[in-house]
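Beneath this line is the structure, given in structure tokens, with notes to follow.
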Amino acid sequence: MQGAFAEHVGALEKAGARTRLVRKREDLEGLDGIVLPGGESTTMTMLMERVGLLEPLRDTIARGLATLATCAGMIMLARDITDGMPEQKGLGLLDVGVRRNGYGRQVDSFETPLQIEGLDGKTFPGVFIRAPLVERTGEVQVLATYDAHPVAIRQGRIVALCFHPELSGDLRLHRDFVRLASTRP
């Protein structure tokens, strides 16, 4: 609908996945996984609601669809959103509380090496652009932290990241997601 989906498509295809864009409820049929990209979470949610995709997406993910959520995608999945727009509805499937733009404005964007559990031990280039700050975690597995805050988490078949792996040039997280999506729950 909106956001950094083209960069995810490129990374996923390089990682061996076949991709298609999801713009209406029928596009959810037969998927092994879905990426909720970075972008503007309020706009993305309102667009999905307008075309009747929000509730079917929520139901599909809740039934176990492998999901990779980056930046705004994490905000959309969060149970609690601090500083969200009053009319902003999320999917409420991820047991976290996040603050929109918690790391600052566009001019505060940065890149930092991250140690991510489950990768090969080498650091991953975390690209943070108006990233959400995870303020509360519930029943999730924290995979990486930055400045004592979770920045990569997993809950069941959902992997959520505060940063943008699609902008890093490093395909390891996309490869891991392709493997996750290729397994059945």
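The values are calculated or read from the model by the stated rules, or taken from the named source; none is laboratory data. What you see is a predicted model, and the numbers here were worked out from it, not measured in a lab. Counting neighbours? That spans all protein chains shown, and the Cβs are built from the backbone with ideal geometry, glycine included. Side chains are part of the model used for accessible areas, which takes the heavy atoms of the whole protein and leaves out ligands, DNA and RNA. Shrake-Rupley method; radii C 1.70, N 1.55, O 1.52, S 1.80 Å.
For region 128-136, the count of residues that are of a type in the set (Lys, Arg), under 18 Å from Leu77 (Cα atoms) and touching a Ser or Thr at 6+ places or on another chain (Cβ under 8 Å) is at least one. Tell me whether region 65-80 contains one or more residues that are touching a Leu at 6+ places or on another chain (Cβ under 8 Å), at pLDDT 85 or above, assigned to a loop (DSSP other than H, G, I, E, B) and farther than 14 Å from Leu133 by Cα. Scanning region 65-80 turns up at least one residue that is touching a Leu at 6+ places or on another chain (Cβ under 8 Å), at pLDDT 85 or above, assigned to a loop (DSSP other than H, G, I, E, B) and farther than 14 Å from Leu133 by Cα.
Scanning region 1-54 for residues that are open to solvent by 20 Å² or more (accessible area, probe 1.4 Å), farther than 23 Å from Leu167 by Cα and hydrophobic (A, V, I, L, M, F, W, C) yields a total of 4.
Evaluated against (1) without any contact (Cβ under 8 Å) to a residue 24 or more places away in the chain; (2) touching a strand residue (DSSP E or B) at 6+ places or on another chain (Cβ under 6 Å), Leu77 falls short on exactly one condition, (1). Of all residues in region 28-64, those being farther than 23 Å from Phe128 by Cβ and small (Gly, Ala, Ser) number 5.
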